[in-house]
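First the structure, in the form of structure tokens, and then the observations on it.
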Amino acid sequence: MTDPLRAAVADAARRLAAAGLLIGTAGNVSAREGDRIAVTATGVTLADATPGEVTVVGIDGRLIEGELEPTSEIELHLGIYADQPACAVVHTHAPYATALACVLDELPVLHYQQLALGGEIRVAPYATFGSAELAAGVRTALAGRQAALLANHGSVTVGGTLAQAVDHALLLEWLCQLHHRASRLGTPRVLSAQQQEEVVLAALSRGYGATRPIREEQP
Ligand SMILES: [Zn+2]
């Protein structure tokens with residue numbers, strides 16, 4: 001029987017590849033359930049990922065299930081799970097996120113939807129892929145955020161569910177594309193701290209982003 005966690009990670013990888021965020025074998029996806037972390041194996045063509053190409057490790061990195069070596073960024077995934085209650089981690093070399101990560105030190109808040117990721121998105125300093133130094137920099141950049149950019153490398157997003165981590169990756173790429181387009185037209189206006197605060201209050205009071213039934217008008 002197929003392990004649902006391994007199948008869900010393979011599904012998420014295929015979805016992100018179809019959206020153009022995971023290209024070839026670049027990038028990786030993991031999801032946590034209790035003490036098990038299912039993560040895409042190294043060298044997998046993510047557009048065709050299968051549950052058999054997802055390896056399960058413990059929170060200490062020891063192999064639990066699977067025949068393939070986990071992603072080279074396994075230390076990054078394990079470090080993020082050690083820091084926060086995230087249930088999933090997505091790492092991409094998505095085109096716009098990676099381009100901006102070659103230029104910016106921080107992605108400012110141009111659009112209120114970015115507040116779903118926690119505000120300005122920090123860019124972790126460049127370090128060699130798979131290194132402890134890169135993992136440490138990304139963990140710092142993720143503090144209080146659902147996303148981080150990796151200088152001259154790509155992006156990382158987290159989520160309380162695998163679907164949420166995928167949505168955050170798609171949103172981050174949209175925001176990076178927005179920044180790129182707006183910057184070509186002129187100097188983008190950045191939302192002020194007060195404007196951002198008002199968005200958060202409005203979202204809380206209106207339940208932004210969730211469906212709700214139409215209420216009957218009161219007579
Ligand atoms: Zn990478």
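Some notes on this structure:
- Across the stretch 102-113, not a single residue is classified as within 22 Å of residue 26 (Cβ to Cβ), in a loop (DSSP other than H, G, I, E, B), touching a strand residue (DSSP E or B) at 6+ places or on another chain (Cβ under 7 Å) and free of Cβ contacts under 8 Å to residues at least 40 places away in the same chain.
- Residue list for the stretch 18-63, restricted to those being within 19 Å of residue 139 (Cα to Cα) and in contact (Cβ under 8 Å) with a residue 40 or more places away in the chain: 27, 28, 29, 30, 31, 32, 37
- In the stretch 41-63, the qualifying residues are those that are part of a strand (DSSP E or B) and more than 15 Å from residue 2 (Cα to Cα), and the one that is nearest to the ligand (Cβ to nearest atom) is 41.
- The set of residues in the stretch 64-77 being touching a residue at least 60 places away in the same chain (Cβ under 8 Å) and assigned to a helix (DSSP H, G or I) consists of 75, 76.
- Among the residues listed as 169, 148, 165, the single one being without any contact (Cβ under 8 Å) to a residue 60 or more places away in the chain and either surrounded by 22 or more Cβ atoms within 10 Å (Cβ to Cβ) or part of a strand (DSSP E or B) (or both): 148
- The one condition in (1) modelled with pLDDT of 95 or more; (2) surrounded by fewer than 19 Cβ atoms within 10 Å (Cβ to Cβ); (3) within 15 Å of the ligand (Cβ to nearest atom) that residue 130 fails to fulfil: (1)
The values are calculated or read from the model by the stated rules, or taken from the named source; none is laboratory data. Just so you know, these numbers come straight off a predicted model, no measurement behind them. So basically every Cβ, Gly included, is an ideal-geometry build from the backbone, and we count neighbours across all protein chains shown.
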